[in-house]
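One structure below.
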Amino acid sequence: MEDACSLVDAFRAGTISPTEALEGSLAAIAASSLNAVCFVDEEQARASAAAADVSLPFGGVPMGVKELDPVKGWPQTEASLVLKDHIAEYDGTMTARLKEAGAVLVGQTTASEFGGVNCTNTRLHGATSNPYDSERTPGGSSGGSAASVAGGLLPICTGGDGGGSIRIPAGFTGLLGLKATFGRIPKGPHTEIEPLTAVIGCLSRSVRDAARWYDVCNGASEYDPFSLPRVQGWEAGLGTIDVRGMRAVVSPDLGAAVVASAVRHRIEEEAAALIAAAGLTRVDVPVELPRGGLEWALAGTASLLVGLGDLYPACESELTPEIMLAANIATNHYSLETAKNIEAFRRDIIVKLARIFDEVDFIICATNPDVAFGAKGPMPTSVDGVDLVSEYGFEAAVGNNGALTIPANTTGNPAVAIPAGVVDGLPVSMQIIGRHHAEQLLLELALAVERQRPWPLVAPGAPL
């Protein structure tokens, strides 16, 4: 099984054609029981593959698009039964750039409803399975993209990350997942603004695939007032950046999460190996970030209600329980006091993280507090047999699932999830958080891991 860049090389060498690669993906999707792809546009994909210009960065590469990312003429359901008949009238900015780069868009990958849960199980499509264990979740909200890439269905797929929705699924399925600095890839052309946490990107098998993705997709757009100026040379720069002597602190739990002991052990080992291989300087700096799962969840409720529009509250019974609860809170319990608490939390965590970066260049931690949980949920409220509800309360217990990823969304910092081996046959992931605009440094560290200990490109037993 190849990564996307290798596939382009093979196209250019003439050892395989885009049409042959597409047919392989279509056959794998048809035979798959992962429930990772919810819509396939065979006719258009075949036409695109037949006309592919393989000189382009992704020329001829079959690709999946997360169902929260609009593609003109495709369903635009937000993974919700409420919007099951909606059709997109435009391409998203990132999707349009991928088309211009030669990508063959095959179909939509499943997501959690409105991207609000880190488990891909909806009333519209049911549960998506993890290729490493069909009874486990691939995470969410980009679960279908992660399952498709790790499951050998498609070489690369789009993803989005508002609270960990690229990194969490990447971590659960043994993939690379980069959440860039807020605004790096523009959203739009109908840009969601609040709550200023969500970014878009990809789920990839390799570091260079992610680097090429950002070469293609980054750069400002007038349709996204928060988008950043274009940065060149992501792929070309891999392996050329000297990170020796840069400072790293290792804090598996960020002082905010309860992390399983076996996961903590893997992260400590992987972090030590990376620090040695990259020539980093390990420093001992206190890392104690505030838990903010409730504040993060409440901050996104306004966008949720915009998505539902005039259909709410009549549609309430068609929503998944988590989204039903969020919509109810947004309608009946959101107040000025709520907004004040969200703003206070955001200010607090920005200052706390910035003060850590006054003393370090990288924070190394776990991506997920434990290995993947059940495919249908619910989200776990215990770790290593300890009942987190009784120890910390229900909100903190449920929030533990995103406590390691939400901080970088709240502050806008870049963070990358890197495969870190397995525990009981299930992937574990190491996360590295960097300063704003330091994505290329994070990819350099990911490359050091990839070279020192190459990870499987797909799950065992995935189609080749």
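The values are calculated or read from the model by the stated rules, or taken from the named source; none is laboratory data. Everything numeric here is computed off the predicted structure, so don't read it as measured data. Cβ: placed from backbone, ideal geometry, glycine included. Neighbour counts: every protein chain shown. What goes into the accessible areas is simple: the full protein's heavy atoms, side chains included, and nothing from ligands, DNA or RNA. Shrake-Rupley method; radii C 1.70, N 1.55, O 1.52, S 1.80 Å.
Dipole magnitude for segment 150-286: about 240 debye, using +1 per Lys or Arg Cβ and -1 per Asp or Glu Cβ, origin at the Cα centre.
Taking amide H as placed 1.01 Å from N in the peptide plane, Cys202 has its amide H under 5 Å from the amide H of Gly159, Leu178, each at least 5 places away in sequence or on another chain. Taking all C-alpha pairs of segment 359-464, those more than 22 Å from each other amount to 44 percent.
Here the average projected area of the convex hull drawn through the C-alpha atoms of segment 96-188 stands at 6.2 nm².
In order along segment 127-139, the Karplus-derived 3J(HN,Hα) couplings, from 6.51 cos²θ - 1.76 cosθ + 1.60 at θ = phi - 60°, round to 8, 9, 9, 7, x, 7, 6, 5, 8, 10, 7, x, x Hz, and Gly and Pro are given as x.
Listed by number, the DSSP H helices of the chain that run 30 Å or longer by alpha-carbon position along their axis and have mean Kyte hydropathy of at least -0.5 are 336-357.
Each peptide among 137-149, 328-340, 362-374, 279-291 gets the average number of other Cβ atoms lying within 10 Å of its residues, and from highest to lowest they stand as 137-149, 362-374, 279-291, 328-340. The alpha-carbon atoms of segment 147-209 define a convex hull whose volume equals 86 cubic angstrom per residue. For Ser382, the residues whose amide H sits under 5 Å from its own are Leu388, ignoring neighbours fewer than 5 places away on the same chain, with H placed 1.01 Å from N.
Reported value for segment 162-306: 143 Å³ per residue, from the convex hull of its C-alpha atoms.
Summary of the geometry: segment 59-106 and segment 360-378, compared by the centres of their Cα atoms, lie 28 Å apart. Remark: the Asp384-Ala302 segment gains 26.0 nm on full extension, using 0.36 nm per residue and subtracting the alpha carbon distance.
Heavy-atom accessible surface of Phe39, to the nearest 10 Å², is about 60 Å², with a 1.4 Å probe and all protein chains retained.
Two decimals is fine: what is log10 I(q)/I(0) at q = 0.07, 0.08, 0.12 Å⁻¹ for the chain, from a Debye sum with one equal scatterer on every Cα and no solvent? The calculated log intensity ratios at q = 0.07, 0.08, 0.12 Å⁻¹ are -0.31, -0.40, -0.97. First select every other residue whose beta carbon is under 12 angstrom from the beta carbon of Gly160; then total the charges, Lys and Arg +1, Asp and Glu -1. Result for the local shell: -1. Relative to the 2.2 N^0.38 Å rule of thumb, segment 85-146 has a C-alpha radius of gyration ratio of 1.28. Work from the charge dipole of the chain (Cβ charges, +1 for Lys and Arg, -1 for Asp and Glu, about the Cα centre) and give the residue of Leu22, Ser148, Ala276 farthest towards its positive end. Of the candidates, Ala276 comes out farthest on the positive side.
Amide H to amide H distances under 5 Å link Arg282 with Ala248, where only residues 5 or more positions off or on other chains count and H is placed in the peptide plane.
Three principal axis extents describe the C-alpha atoms of segment 1-79; from largest down they are 39, 27, 20 Å. The per residue volume of the convex hull around the alpha-carbon atoms of segment 261-341 is 180 Å³. For segment 332-396, the Kirkwood radius over C-alpha pairs fed into Stokes-Einstein at 20 °C and 1.002 mPa s yields D = 138 µm² per second.
Extent of segment 281-384 along its three principal axes (Cα atoms, max minus min coordinate, largest first): 57, 36, 20 Å.
Across segment 402-418, rounded Karplus estimates of 3J(HN,Hα) from the backbone phi angles (6.51 cos²θ - 1.76 cosθ + 1.60, θ = phi - 60°) give x, 5, 8, 9, 4, x, 5, 6, 5, 9, x, 6, x, 7, 10, 9, 10 Hz, Gly and Pro being marked x.
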